[in-house]
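Read the structure below first, then the notes.
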Amino acid sequence: MNIAVMYSGVGGGNGADYVADFLVNGFREVGADVCTIGKFGGYDAKTVNIPDVDLIVHSSGFNLTPSLINRLQQTAPVAMWTHNDEIGWWKSLIAPVSKLVNAHYSYTKAHTYGNHVRYMPLAADNRQYFPMYDKYEDNKVYDVALIGAKRQWRFDFTEELGKRFPRHFFSYTMSLGSSKINDVYNHTKVVVAPVQDCDEDAPASAWGCPCRTFDVPASRCCQIQVNRGGLNDVYPGCIKIAPIEDVMEAIEVWEKQIHYLIDHSNYRADVAEFDYLHTINNHLYKHRAEQFIREVI
């Protein structure tokens with residue numbers, strides 16, 4: 001089976017193209033031959049080379065036009081997977097082509113495109129995020145960790161949290177490689193996600209679950225997340241805290257939960273193991289690849 005994965009065409013590092021990279025790995029894991037379109041930058045919709053494949057999957061829908069979709073469909077069915085459907089300007093780009101593709105998938109059930117859109121949450125790439133030890137080890141380097149872009153709410157939160165938990169790892173650089181991130185997760189007792197990159201400065205404002213929802217448990221690490229749309233669908237038993245807009249109020253609530261998990265190592269290990277197995281069985285990119293193949297071809 002031959003699959004073409006199309007990148008956003010934006011060029012440079014961006015979330016949609018990271019997802020495309022992970023999806024390429026997922027298709028290859030299920031035995032498909034995969035080629036890529038636009039991996040290293042933009043492409044011209046009128047001249048882009050379209051290989052002879054059985055399925056074309058576009059990550060994000062960005063740069064998809066009616067004429068390009070028509071050209072692609074002369075070769076194979078076209079599926080589109082969108083991940084930023086709460087953003088107004090993004091929806092205005094996607095809505096005109098949503099019904100033109102053979103299948104439109106969204107990372108959230110809360111989209112407003114219509115009933116024709118299918119649900120497909122993001123996932124974990126277990127080639128990059130995985131346990132480094134045979135079993136859960138309690139002898140960790142860090143008590144608490146958070147990795148992500150430097151949003152003001154997040155920065156204020158971690159500045160205060162760090163005073164209360166000296167053994168911490170907080171990083172706001174976008175150049176931190178996946179191997180380093182996986183190492184941190186494996187050596188942290190509790191990873192916290194009070195606000196995600198896609199939320200910007202408002203906890204749980206994004207409609208779906210971002211990549212780190214899946215990356216952390218794939219490393220067999222215990223995670224506390226802000227409760228958001230779609231979280232109960234993907235991790236019904238995970239540890240979650242309701243969104244709290246005031247940073248200092250959030251600190252008080254999160255600190256208590258972090259202390260509880262640090263003090264109850266057996267419970268923490270059970271949570272990490274349960275969410276890890278749930279990820280391995282349900283939320284890898286190979287599972288998303290299988291869904292595309294099963295439903296579109």
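Applying 1/(1 + (r/R0)^6) with r as the Cβ-Cβ distance of residue 110 and residue 49 and R0 = 35 angstrom yields a FRET efficiency of 0.45. From the square roots a ≥ b ≥ c of the eigenvalues of the alpha-carbon gyration tensor of region 225-272, which class results: rounded (a/c under 1.5), prolate (a/b over b/c), or oblate? Here region 225-272 falls in the oblate category. Gaussian network model of the chain, Cα springs within a sub-10 Å range: biggest mean-square fluctuation belongs to which of 242, 79, 193? Its mean-square fluctuation being the largest, the pick is 242. Within the same chain, lysines fewer than 8 places from residue 39 are excluded, and of the rest, those with a Cα less than 27 Å from its Cα are 91, 99, 150, 180, 286. Here the relative contact order of the chain, from alpha carbon pairs under 8 Å that lie six or more residues apart, stands at 18 percent. Sequence-distant or interchain residues sharing an amide H contact under 5 Å with residue 206, placed H: which? Excluding prolines and chain starts, which carry no amide H, the hits are 199. Per residue, the convex hull spanned by the alpha carbons of the chain comes to 121 Å³. When only Cα pairs below 8 angstrom with a gap of at least 6 residues are kept, region 5-111 shows a relative contact order of 26 percent.
Mean-square fluctuations from a GNM of the chain, with a 10 angstrom spring cutoff on Cα atoms, peak among 128, 74, 257 at 74. With kT/(6 pi eta Rh) evaluated at 25 °C and eta = 0.890 mPa s, and Rh the Kirkwood radius from Cα pairs, region 204-283 diffuses with a coefficient of 186 µm²/s according to Stokes-Einstein. Of the Cα atoms belonging to region 2-120, the radius of gyration and Dmax stand at 13.2, 37 Å. Ignoring the sites themselves, what is the longest stretch of the chain with no chymotrypsin sites (Phe, Trp or Tyr not before Pro) in a DSSP loop and at most 14 other beta-carbon atoms within 10 Å? With chymotrypsin sites (Phe, Trp or Tyr not before Pro) excluded where exposed in loops, the chain gives 173-297 as its longest stretch. Extension gain, residue 249 to residue 281: 0.36 nm times the residue separation minus the Cα-Cα distance gives 7.9 nm. For region 119-186, the spread of Cα positions along the three principal axes, ordered from largest to smallest, is 36, 33, 25 Å.
Taking a sphere under 14 Å around the Cβ of residue 294 and counting the other residues whose Cβ falls inside, with K and R at +1 and D and E at -1, yields a net charge of 0. Based on every Cα atom in region 148-202, Rg and the maximum pairwise Cα distance Dmax equal 11.3, 29 Å. With the cut-off at 1.5 for a/c, could you classify region 142-282 from its C-alpha gyration tensor as rounded, prolate or oblate? Rounded, because the longest to shortest axis ratio a/c is under 1.5. Applying 1/(1 + (r/R0)^6) with r as the Cβ-Cβ distance of residue 257 and residue 18 and R0 = 30 angstrom yields a FRET efficiency of 0.55. Each label was represented as a point 7 Å from its Cα along the Cα-to-Cβ direction; for residue 141 and residue 290 these points are 3.4 nm apart.
Bear in mind these aren't lab numbers, they're just calculated from the coordinates by the rules spelled out. Being a predicted model, the structure only gives us computed values, none of them experimental. Using ideal geometry, Cβ is built from the backbone for each residue, glycine included, and neighbour counts are taken over all protein chains shown.
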